[in-house]
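Structure first, commentary second.
The values are calculated or read from the model by the stated rules, or taken from the named source; none is laboratory data. Model, not experiment: these values are computed from the prediction. Positions of Cβ are generated from backbone atoms using ideal geometry, with glycine treated the same way; all protein chains shown enter the neighbour counts. The accessibility values were calculated without ligands, DNA or RNA, using every heavy atom of the protein model including side chains. Shrake-Rupley method; radii C 1.70, N 1.55, O 1.52, S 1.80 Å.
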Protein chains: 2
Amino acid sequence: MRVMVLGGDGFCGWPTSLYLSDRGHEVTIIDNLSRRKIDVELEVESLTPIRPVSERIGVWEEVSGHAVGFVNLDLATEYDRLVAVLEKIRPEAIVHFAEQRAAPYSMRNTHTKRYTVDNNVRATHNLLTALVATGIDASLVHLGTMGVYGYGWSGSAPIPEGYLTVKVPTPDGEIEREILHPANPGSVYHMTKTLDQLMFSFYAKNDGLRITDLHQGIVWGTQTDQTSRDERLINRFDYDGDYGTVLNRFLMQAAIGHPLTVHGTGGQTRAFIHIRDTVRCIEIAINNPPLAGDKPRVLNQMTETHRVLDLAKMVADVMGADIAYLPNPRREADENDLAVRNDQFLALGLKPTTLSEGLLEEGRLVAARYRDRVDPSKIVCRSVWRAGMETADDLVTELPAQA
Amino acid sequence: MRVMVLGGDGFCGWPTSLYLSDRGHEVTIIDNLSRRKIDVELEVESLTPIRPVSERIGVWEEVSGHAVGFVNLDLATEYDRLVAVLEKIRPEAIVHFAEQRAAPYSMRNTHTKRYTVDNNVRATHNLLTALVATGIDASLVHLGTMGVYGYGWSGSAPIPEGYLTVKVPTPDGEIEREILHPANPGSVYHMTKTLDQLMFSFYAKNDGLRITDLHQGIVWGTQTDQTSRDERLINRFDYDGDYGTVLNRFLMQAAIGHPLTVHGTGGQTRAFIHIRDTVRCIEIAINNPPLAGDKPRVLNQMTETHRVLDLAKMVADVMGADIAYLPNPRREADENDLAVRNDQFLALGLKPTTLSEGLLEEGRLVAARYRDRVDPSKIVCRSVWRAGMETADDLVTELPAQA
């Protein structure tokens, strides 16, 4: 299949591009390298030393024999170039990762709030209008987030896959209506994904676009079978307070002898997925598009749920780290239960990669290998949800000596 | 009260600015004159000869003794200037009309779809972030649309004011949840107002912004007590296929001897409000803001519902016009019933101005007075919801002689 991967240089996009290429798809990466530029802005780097995009693509061709295309293009601002690329490639599937994806960064300051909305909304909408304008019948697979649902809204009911049926009172008695799960975003970033959902609904209805929205949990892990074939193919590993995700941060913290940073009580329960499953889910999604005229297909792309504190304790036990309880920079419930349906991916053949000591150890080893690249002043989260919220001082000012 | 009226040079914004000024509020208009520029793009003009904004503001001061400020500013792109203006004026209330507001224009072509999303989303989001960044505690009153609800979704139940309580199934039995009415937008324009709603919910929750969203029906009428004080204060009257609204178009068509253009069967039932009530509703809304921490307050700003065909027949009967049934350029149900709750505005003191022969006659007289300004080639709707949909030829190619 001819597949365009928008945002194909990022943390999920790169391993997805290589996986799809390895599986025989003809892959073109579209990326404006914004994620690398935000590293420059934040004065931080991926823990793992990622290579320039053209180099990593060249290495992939060397080791796999598969060519991957690359176009440096800003989806939010370069509409005409997007149309030209679509018309040249005529993709059968488009995977859309090309959005600013960190909740803390989206709340960092006015600039980042505005950038997140301006970039994400326009990137998505430009893509939708370009598909309508060109008439290219590609199915679109978009990376959403579990965060569109919020937490604790549906009582003891597991979070459904996108839609739920509710009863609405009328003078003639109750009627049943299927609705898009109400939006309860917890940050400007999550909010943009709820805006995406409404755009998808409209363009599916009005123009018959075939859209799949994947509400993904928190991704952990670094490497896949493809990215581990050569060190120059290594995937990003974000550990900083804005872009680092919770479990990977714990592994990095354990690897360098930093306390594990738990915000509030750690009673937040969240959904998780390993990066190896992310890439598999994407291929399943492009192989199973909805039909023209269908509403967007929503799948929950997660394999397990964990309380943050339980994860911290597990990593602390296995790897001998301490836990530090820090003020929570987010406005969110201290504690929540969480059950999530993921029946569709299971039915479509996903075999979940769940948390295991082996995989945790693999993550710790990646972190340990590149520990000298850590800047300890970037670890504590400092992006607060409202001005004036308390943040912690640095817990470690110099990198501890090798354990 | 110090009030900023964003989009204060437009069809609703101008009479609102004058009404609030007349009532003793200190009004500053913020407008980038985009509506006038779209007239240039569409090669059409308001049926009524509107004066340049500085002139009409000067005339208003002459006849009323009240000064109204004006800043030419693009909310979607001039964030820093917006902040500077907010800090200078320190408004107590902000009325936000500054969005592209025509459904047909929003569906006209790729450019107008993208402009509608880029402009409306960024204007609203810039305003929200600017309020957060400056800490200015102004209440925000936004013009939404009845079109966010769609038509026919809630069976025989009247459309509620923004929120409804539904029953959600759980393993422990049904639970009640109040939800934002599911979004069912019928065009890219309406879609942007559903995106606004989610942004309002988030910023009210996260930052305590005080927001009122007015879901307005189709506005008809032209003049208010203020705009009729001097011909140079006259309000816009849009009659073209993109910006003209249905009842005003019928009045114009009757006035020039053009058949009344009904799309499809005319079985569409819609909500209406007269421009005189629009301006009153805005003042009621700024006088009754929600509290910080409240969810956005949603009021349905409409006073009556009518079937389009019934309106056409009424105008045809009273004024002796013919009815032409044209292909519908929109994708919408041929027929729908509609009942709408507007309890809040009634409770807050609105005395509805409903359809009357007197008001229709007033509209017809305005149209008749400026009939020579009509370009008959602009009357038929040509913006279609999907490429290839049928449109009618011009029904009249030369302006009929004066009746």
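Per residue of A:106-113, count partner chain C-beta atoms within 10 Å of its C-beta, then hand back the mean as an integer.
Mean inter-chain Cβ contacts per residue within 10 Å come to 3.
Tell me, what HN-Hα J-couplings in whole Hz come from the Karplus equation 6.51 cos²θ - 1.76 cosθ + 1.60 at θ = phi - 60° for each residue of the stretch A:113-120, using x for Gly and Pro?
4, 5, 4, 4, 5, 4, 6, 5
Ignoring ligands, DNA and RNA, what percent of the accessible area of the protein assembly as shown is carbon or sulfur (1.4 Å)?
46 percent
Under the rule of at least 5 residues apart or a separate chain, name every residue whose amide H is placed under 5 Å from the amide H of A:Thr28.
Residues meeting the amide H criterion: A:Val3, A:Met4, A:Val5, A:Gly69.
In the structure shown, do any of B:Lys113/B:Lys295; A:Lys378/B:Lys295; A:Lys313/B:Lys205; A:Lys295/B:Lys113; A:Lys113/B:Lys295; B:Lys88/B:Lys205 have a Cα-Cα gap over 24 Å, and if so which?
B:Lys113/B:Lys295; A:Lys378/B:Lys295; A:Lys313/B:Lys205; B:Lys88/B:Lys205
Any chance you could check the stretch B:60-81 for residues losing 30 Å² or more of accessible area when the partner protein chains are in, compared with the chain on its own (1.4 Å probe)?
Going by heavy-atom accessible area, the residues of the stretch B:60-81 that drop by at least 30 Å² are B:Tyr79.
Mind computing the radius of gyration and Dmax over the alpha-carbon atoms of chain A? Å is fine for both.
Computed over the Cα atoms of chain A, radius of gyration and Dmax are 20.7, 73 Å.
How big is the charge dipole of the stretch A:268-320 about its Cα centre, in debye rounded to the nearest 20, if each Lys and Arg gets +1 on its Cβ and each Asp and Glu gets -1 on its Cβ?
120 debye
Along the Cα→Cβ direction, 7 angstrom out, place labels at B:Ile323 and A:Asp322. What is the inter-label distance in nm?
8.1 nm
PRE reach from B:Asp294 (point 7 Å along Cα→Cβ): which of the stretch B:125-168 fall under 15 Å by backbone N?
Residues B:138-142, B:161-163 qualify, since their backbone N sits under 15 Å from the label point.
Cut-off 10 angstrom, C-alpha nodes, Gaussian network model of chain A. Which of A:Thr222, A:Thr112, A:Thr145 fluctuates the most?
Largest GNM mean-square fluctuation: A:Thr112.
Taking only DSSP H segments of four or more residues, each worth -39500 (n - 2.57), what value at 222 nm results for chain B once the sum is divided by all its residues, to the nearest 500 deg cm²/dmol?
-11000 deg cm²/dmol
Taking the alpha-carbon centroid of each part, what is the distance from the stretch B:314-334 to the stretch A:1-70 in angstrom?
55 Å
What does the average come to when, for each residue of peptide A:179-186, you count the partner chain Cβ atoms lying within 10 Å of its Cβ?
If you average over the peptide's residues, the count of other-chain Cβ atoms is 5.
Principal axes first, then extents: for the Cα atoms of the stretch B:264-403, list largest minus smallest coordinate on each axis, whole Å, largest first.
That gives 55, 37, 25 Å along the principal axes, largest extent first.
Which of the listed residues, A:Val166, A:Gln100, A:Pro49, is farthest toward the dipole's positive end in the stretch A:12-169, when Lys, Arg count +1 and Asp, Glu count -1 at the beta-carbon?
The residue sitting most towards the positive pole is A:Val166.
How big is the stretch B:1-144 in terms of Cα radius of gyration and Dmax, in angstroms?
15.1, 45
Can you tell me the dipole magnitude for chain A around its Cα centre, using point charges on the Cβ only (Lys, Arg +1; Asp, Glu -1), in Debye to the nearest 20?
Its charge dipole is roughly 380 debye.
Would you mind telling me which residue in A:Val95, A:Val83, A:Val298 has the biggest mean-square fluctuation in a Gaussian network model of chain A, where springs connect alpha carbons within a distance under 10 angstrom?
It is A:Val83.
Averaged over its residues, how many other protein chain Cβ atoms are within 10 Å of peptide A:206-217's Cβ atoms?
Per residue, the average neighbour count from other chains is 1.
Along each of the three principal axes of the Cα atoms of the protein assembly as shown, give the extent in whole Å, ordering the values from largest to smallest.
Computed over the Cα atoms, the extents are 93, 52, 51 Å.
I want to make sure I understand the PRE zone here: with the label point 7 angstrom from the Cα of B:Asp172 toward its beta carbon, which residues in the stretch A:325-341 have backbone N atoms less than 17 Å away?
A:335-340
In whole angstrom, note down how far apart the Cα centers of the stretch A:362-403 and the stretch B:174-196 are.
So the separation of the two Cα centres works out to 41 Å.
Give, ordered by residue number, each residue of the stretch A:115-142 whose 1.4 Å probe accessible area is reduced by a minimum of 10 Å² on adding the remaining protein chains to the chain alone.
Relative to the lone chain, where solvent access is computed with a 1.4 Å probe, the stretch A:115-142 loses at least 10 Å² at A:Val117, A:Asp118, A:Val121, A:Arg122, A:His125, A:Asn126, A:Thr129, A:Val132, A:Ala133.
Got the relative contact order for the stretch B:158-254 handy, in percent, Cα pairs under 8 Å and 6 or more residues apart?
Relative contact order comes out at 13 percent.
Could you sort the residues of the stretch A:329-373 by number and keep only those whose accessible area is reduced by 30 Å² or more in the all-protein-chain setting relative to the chain alone, 1.4 Å probe?
A:Arg331
Comparing B:Ile234, B:Ile89, B:Ile57, which has the greatest mean-square fluctuation in the GNM of chain B with Cα pairs linked when under 10 Å apart?
B:Ile89
So how do A:Asp225, B:Asp343, B:Asp240 rank on accessible area, 1.4 Å probe, biggest first, that is with the largest at the start?
Accessible-area ranking of A:Asp225, B:Asp343, B:Asp240, largest first: A:Asp225, B:Asp343, B:Asp240.
Distance from the Cα centre of the stretch A:211-275 to that of the stretch B:212-252, in angstrom?
55 Å
Please compute the per residue accessible area over the protein assembly as shown with all protein chains in place, 1.4 Å probe, rounded to a whole number of Å².
36 Å²
What does the charge count around B:Gly162 come to, taking other residues whose C-beta lies under 14 Å from its C-beta (Lys +1, Arg +1, Asp -1, Glu -1)?
Net local charge, B:Gly162 excluded: -2.
Am I reading the A/B interface right? What is its buried accessible area, both sides, 1.4 Å probe, to the nearest 100 Å²?
In total, chains A and B hide about 4300 Å² from solvent.
Work out the length of the dipole vector of the stretch B:283-356 about its Cα centre, built from +1 on the beta-carbon of each Lys and Arg and -1 on the beta-carbon of each Asp and Glu, and round it to the nearest 20 debye.
Charge dipole of the stretch B:283-356: 280 debye, to the nearest 20.
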